[in-house]
Each structure stands twice: as C-alpha cells, then as structure tokens.
Amino acid sequence: MPTDSTSAFHVLFNQAEAGLWFVIAFVLIVRSRMKMPWRWLLPLAFAVFGISDLIEAQTGAWWEPWWLFVMKVACVLVFVLAWRAHRRQGKSHG
C-alpha cells in the first residue's frame, strides 16, 4: 500500500511530466516544419498526453479508468506514426 510520501511523489512526478509534454507541444506548434497533418496532430497528441498525466495524477494509475489507457495508447500511436513519417521523409531526401 502506498504511503502518503509515495502518493505525493507520484502526483508531483505526473504533474512535472505533464508540464514537459505541454512544453514539447508548444515548441512543436511554434517551430514545426512538418507536413500536414503532423503539423497540428503531433502537438495535439503531446498536449493530450499531458492532460492524461494530470488525470493519472488524480487516479493513481495510467490504466484506470479504461478510457485513460485508451487515451494514452492513441497518443503513443500518433507519436510512432509521426516518427515513421519523419524517418521516411528523411530517407527520401538523403
């Protein structure tokens, strides 16, 4: 069973992690040279991932409720697909 200090650390860590995802989303919005739809989809996914961490800070688990898990999986799917698109674009220019 988690102690109060463990719980407080979990909340603080998730809040800090959410802040990181929000900063990445902001930087991508400002500096992005990606092609559509990644130009708006990737920053949105990072922002939603940040929101999911704020929710996780309250629920205590990334897999509960079930829709939080689905939200996180959807964001990770966007991250992977954007990474693949970026790699393919880089190979076509190389």
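Residue pairs whose Cβ atoms lie under 9 Å apart, separated by 6 or more positions or on different chains, with the first residue in the stretch 73-91 and in contact (Cβ under 8 Å) with a residue 24 or more places away in the chain and closer than 15 Å to VAL48 by Cα and the second among the polar types (S, T, N, Q) and in a helix (DSSP H, G or I), are CYS75/SER52.
Each row is one residue, and each column tells you yes or no for (1) of a type in the set (Val, Ile, Thr); (2) assigned to a helix (DSSP H, G or I); (3) under 14 Å from the mean Cα position of the chain (by Cα).
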| residue | (1), (2), (3) |
| --- | --- |
| VAL48 | yes, yes, yes |
| ILE51 | yes, yes, yes |
| ILE55 | yes, yes, yes |
| TRP62 | no, no, yes |
| MET71 | no, yes, yes |
| VAL80 | yes, yes, yes |
| ALA85 | no, yes, no |
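Kindly establish whether ILE29 is of a type in the set (A, V, I, L, M, F, W, C), surrounded by 12 or more Cβ atoms within 10 Å (Cβ to Cβ) and at pLDDT 95 or above. Show your work before the answer.
Values: of a type in the set (A, V, I, L, M, F, W, C): yes; surrounded by 12 or more Cβ atoms within 10 Å (Cβ to Cβ): yes; at pLDDT 95 or above: no.
No.
Take the conditions (1) part of a helix (DSSP H, G or I); (2) surrounded by 12 or more Cβ atoms within 10 Å (Cβ to Cβ); TRP67 misses just one of them, which is (2).
Looking at TRP21, is it part of a loop (DSSP other than H, G, I, E, B), surrounded by 14 or more Cβ atoms within 10 Å (Cβ to Cβ) and touching an Asp or Glu at 6+ places or on another chain (Cβ under 8 Å)? Spell out the reasoning first.
Numbers: part of a loop (DSSP other than H, G, I, E, B): no; surrounded by 14 or more Cβ atoms within 10 Å (Cβ to Cβ): yes; touching an Asp or Glu at 6+ places or on another chain (Cβ under 8 Å): yes.
Taking the combined requirement at face value, the residue does not satisfy it.
A Cβ distance below 9 Å, combined with a sequence gap of six or more or placement on separate chains, defines the contacts here; from the stretch 8-37, residues that are of a type outside the set (Phe, Trp, Tyr) reach residues that are crowded, with 17+ Cβ neighbours inside 10 Å and not in a helix (DSSP H, G or I) in the pairs LEU28/MET34.
The values are calculated or read from the model by the stated rules, or taken from the named source; none is laboratory data. Predicted, not measured: the structure shown is a model, and the values here were computed from it. Don't worry about glycine lacking a Cβ; one is built from the backbone with ideal geometry, like all the others, and counts go over all protein chains shown.
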